[in-house]
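This report concerns only the one structure given below.
The values are calculated or read from the model by the stated rules, or taken from the named source; none is laboratory data. Keep in mind it's a predicted model, so treat the numbers as computed, not measured. Please note: Cβ atoms are built from the backbone with ideal geometry, for glycine as well, and neighbour counts cover all protein chains shown. Areas reflect the complete protein model, heavy atoms only, side chains present, ligands, DNA and RNA absent. Shrake-Rupley method; radii C 1.70, N 1.55, O 1.52, S 1.80 Å.
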Amino acid sequence: QVQLQESGGGLVQPGGSLRLSCVASGSTSYTVATGWFRQAPGKEREFVASIRRSGGSTYYADSVQGRFTISRDRTLNTVYLQMNSLQPEDTAVYYCAAHGLGSTNYNYWGQGTQVTVSS
């Protein structure tokens with residue numbers, strides 16, 4: 001069992017930056033990857049970024065490539081999402097998710113943290 005807790009969301013002006021954190025607890029040894037997803041009002045949940053447990057491989061959606069950076073601190077069981085050059089279209093609830101060993105997809109999810117980009 002894995003529990004995920006996101007933090008760091010808030011209100012930011014266009015062009016600003018925000019850093020999200022995802023702290024994992026429980027049986028984290030069984031996770032193979034951690035990802036960030038987001039869901040805007042009236043929209044489907046979409047993939048943002050992911051990182052392998054080793055931290056050696058990262059993946060990004062085209063919409064955030066070059067602006068967002070995902071990283072991992074294994075000693076703290078924490079995954080970060082550094083978001084730069086934020087735009088109004090980045091406004092969404094951001095979710096942290098973990099891909100468990102033996103699962104076909106992400107099967108552990110946090111409660112979400114709201115990110116609002118507005119002037």
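Electrostatic tally near Val12: other residues with Cβ closer than 12 Å to its Cβ, Lys and Arg +1, Asp and Glu -1, net 0. Counted over the chain, the DSSP beta bridges are approximately 95% antiparallel. Dividing the convex hull volume of the alpha-carbon atoms in the chain by its residue count gives 95 Å³ per residue. Each residue of region 103-109 was assigned a 3J(HN,Hα) from its phi angle through the Karplus curve 6.51 cos²θ - 1.76 cosθ + 1.60 (θ = phi - 60°); the sequence is 8, 8, 7, 5, 10, 10, 9 Hz, with glycine and proline shown as x. When the surface is traced with a 1.4 Å probe over the full set of protein chains, Ser50 keeps roughly 10 Å² accessible. Converting phi to 3J(HN,Hα) with the Karplus coefficients 6.51, -1.76 and 1.60 and the offset θ = phi - 60°, region 62-77 yields 4, 5, 10, 4, x, 10, 9, 9, 9, 8, 9, 10, 5, 5, 9, 6 Hz in sequence order, with x at every glycine or proline.
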